[in-house]
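See below for the structure under consideration.
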Amino acid sequence: MSNKEVESPALLHPMFTMVFMFVTQISIGMLAFQKYVYRESEHDAWISVVVAGLFAHIILFLIMKTLKRYQYQDLFHIHVRLFGKWFGGACNLIIICYWFSVSVYILRNYIEVLHIWIFAEVPVWVFTAIFFALIIYALSGGLRVIGIVSLVNLLLVGWMAVLLYLPIRQAEWKLQLLPIMQASLGEIMMGSLAMGATLGGFEVVYYVSHRMKQPHRISTYAQLGLLFVNILYVIVMLVSIGYYSEHQILNNSWGTLSLFKIVQFAFLERLEFVLIMLWLLIIVANLLVNYWIMTQGLHRVFHVKRKYACIVIMLMALVCNMLLKTGDQLAVVSGLVGKFSILFSFVYPVVIYIIAHIVEGVRSRAKEA
């Protein structure tokens, strides 16, 4: 379905491209990415974050070139256009499975955070059911409602970034950050690879571009959104390196949450509890976008109604969440999803761009002949 075929009131301002990128890139990974990058490039980890961000901008540029070639149709349409009905449908099914794995990873890890920090005794299925109730309610309103909910949630959570000033004041900048470039090029690149697993999600533009007014303008908004996300990750990484010792950062599974433990007010001592509950808003927004993509994909591939597709996905996700019971199991799943994220966020867009360039070039020459 092209953006011309969608009724005008249902189309969104291109600015919402930034919103969707924020909520897909800043989720559970923001709470725990530091030790994985630091493990590879130590106190030069912030450089690895910068390098990963630069690669992401290049990949996003190629994504926008691919979308422009196909009049800003979504990736499901592009697959069918490139590979035909059957193989294109198989590619779409793989993409749906990828987003499903990401959704399970995000929700189950957030539930794990709730178990560790606040609600140790509440069963997994209870939290899962609460999230699914919120998702079903919001999904019924379509992408416009999802966009507005995501924007409001970001505004409600965004002020928390100001509270980083306390860790910044207590950080040992010279001791922890200098000398710069002690890590080798290979170590910095390995750190960037580790960061890529967290930075993935910007490819969401593949799926929302056809629902934007003036889609030719989304490239600017997408690059700006990615820039803001990259800057935020660099700041959090720098603060973490400056504040934590090497031992602390490598043995802290939730580095960002722990930064807020030192922030205290006369009326509130455990601010990290507030952050965890506010982060629920980000997780809900992220899952809304993910489930919208999956239901759209299943509707395209199997021609089932979106509400039935959503119910099936949720039942499968509930089973997966309940099967993941131990920290070791979560670690394995997180590692796999991280590899999938690198593949589908950084590698696959390049492959699609090259294939589209070759296929459309051959078709164009065939028409001229």
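The values are calculated or read from the model by the stated rules, or taken from the named source; none is laboratory data. Keep in mind it's a predicted model, so treat the numbers as computed, not measured. Glycine also receives a Cβ, built like all others from the backbone with ideal geometry; neighbour counts cover every protein chain displayed. With ligands, DNA and RNA removed, areas are computed over all heavy atoms of the protein, side chains included. Shrake-Rupley method; radii C 1.70, N 1.55, O 1.52, S 1.80 Å.
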Q: Would you confirm whether any residue within the range 62-82 is modelled with pLDDT of 95 or more, more than 16 Å from Ile352 (Cα to Cα) and not small (Gly, Ala, Ser)?
A: no
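Take residues that are open to solvent by less than 60 Å² (accessible area, probe 1.4 Å) and tell me which of the helices (runs of 4 or more DSSP H) falling wholly in the range 106-172 contain 3 or more.
Details: elements: 124-139, 142-158, 165-170.
Qualifying helices (runs of 4 or more DSSP H): 124-139, 142-158.
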Q: Could you tell me which numbered condition Leu12 fails, if it satisfies all but one of (1) more than 20 Å from Ser150 (Cβ to Cβ); (2) surrounded by 19 or more Cβ atoms within 10 Å (Cβ to Cβ)?
A: (1)
Q: Mind listing whichever residues of the range 232-244 are open to solvent by 10 Å² or more (accessible area, probe 1.4 Å) and more than 16 Å from Ser192 (Cβ to Cβ)?
A: Leu232, Ile235, Tyr243, Tyr244
Q. Scanning for something more than 16 Å from the chain's Cα centre (by Cα), farther than 30 Å from Tyr308 by Cβ and touching a residue at least 24 places away in the same chain (Cβ under 8 Å), does the range 137-147 turn up at least one residue?
A. no
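For the subset of the range 185-214 comprising residues that are in a loop (DSSP other than H, G, I, E, B) and of a type outside the set (S, T, N, Q), which member is most open to solvent (accessible area, probe 1.4 Å)? Let's see the steps before the verdict.
Of the residues in the range 185-214, the ones in a loop (DSSP other than H, G, I, E, B) are 200-201, 213-214.
Narrowing the set further to residues that are of a type outside the set (S, T, N, Q) leaves 200-201, 213.
Details: Gly200: 9, Gly201: 4, Lys213: 89 Å².
Top of the filtered list is Lys213.
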Q | Criterion: modelled with pLDDT under 95 and under 23 Å from Ile293 (Cα atoms) - qualifying residue of Trp86, Trp117 | A | Trp86
Q) Given (1) over 25 Å from Phe202 (Cβ atoms); (2) free of Cβ contacts under 8 Å to residues at least 24 places away in the same chain; (3) open to solvent by 70 Å² or more (accessible area, probe 1.4 Å), where does Leu343 come up short, assuming only one miss? A) (1)
**Q.** Index of the failed condition, Leu185 passing every other in (1) in contact (Cβ under 8 Å) with a residue 12 or more places away in the chain; (2) of a type outside the set (D, E, K, R); (3) at negative phi
**A.** (1)
Q.
Being farther than 21 Å from Val49 by Cβ and aliphatic (A, V, I, L, M): is that true of Val208 here?
A. yes
Q.
Condition first: of a type outside the set (Phe, Trp, Tyr) and open to solvent by less than 10 Å² (accessible area, probe 1.4 Å). Now tell me which residues in the range 31-62 satisfy that.
A. Leu31, Gln34, Val37, Ser41, Asp44, Ala45, Ser48, Val49, Ala52, Gly53, Ala56, Leu60
Q: May I ask you to list the residues in the range 60-115 that are touching a residue at least 60 places away in the same chain (Cβ under 8 Å) and out of contact with any helix residue (DSSP H, G or I) (no Cβ under 9 Å at 6 or more places or on another chain)?
A: none
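If we scan the range 47-55, do we find a residue that is closer than 22 Å to Val208 by Cα, at pLDDT 90 or above and not aliphatic (A, V, I, L, M)? Let's see the steps before the verdict.
Quick first cut of the range 47-55, residues closer than 22 Å to Val208 by Cα only: 53, 55.
Right, trim to at pLDDT 90 or above and you get 53, 55.
Among the residues that remain, those that are also not aliphatic (A, V, I, L, M) are: 53, 55.
Within the range 47-55 (the criterion being closer than 22 Å to Val208 by Cα, at pLDDT 90 or above and not aliphatic (A, V, I, L, M)), the answer is yes, since at least one residue qualifies.
Yes/no matrix, rows are residues, columns are (1) under 19 Å from the mean Cα position of the chain (by Cα); (2) open to solvent by 10 Å² or more (accessible area, probe 1.4 Å):
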{"site": "Leu281", "(1), (2)": "yes, yes"}
{"site": "Asn286", "(1), (2)": "yes, no"}
{"site": "Trp292", "(1), (2)": "yes, yes"}
{"site": "Val301", "(1), (2)": "no, yes"}
{"site": "Val304", "(1), (2)": "no, yes"}
{"site": "Ala309", "(1), (2)": "no, no"}
{"site": "Leu336", "(1), (2)": "yes, yes"}
{"site": "Tyr348", "(1), (2)": "yes, yes"}
{"site": "Ile354", "(1), (2)": "no, yes"}
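Taking the criterion of being on the phi > 0 side of the Ramachandran plot and either modelled with pLDDT under 90 or in contact with a Leu (Cβ under 9 Å, 6 or more places away or on another chain) (or both), would at least one residue in the range 30-45 satisfy it? It would help to see each step written out before you state the result.
Going through the range 30-45, the residues on the phi > 0 side of the Ramachandran plot turn out to be 42.
If we keep only those that are either modelled with pLDDT under 90 or in contact with a Leu (Cβ under 9 Å, 6 or more places away or on another chain) (or both) too, we end up with 42.
Yes, because at least one residue in the range 30-45 is on the phi > 0 side of the Ramachandran plot and either modelled with pLDDT under 90 or in contact with a Leu (Cβ under 9 Å, 6 or more places away or on another chain) (or both).
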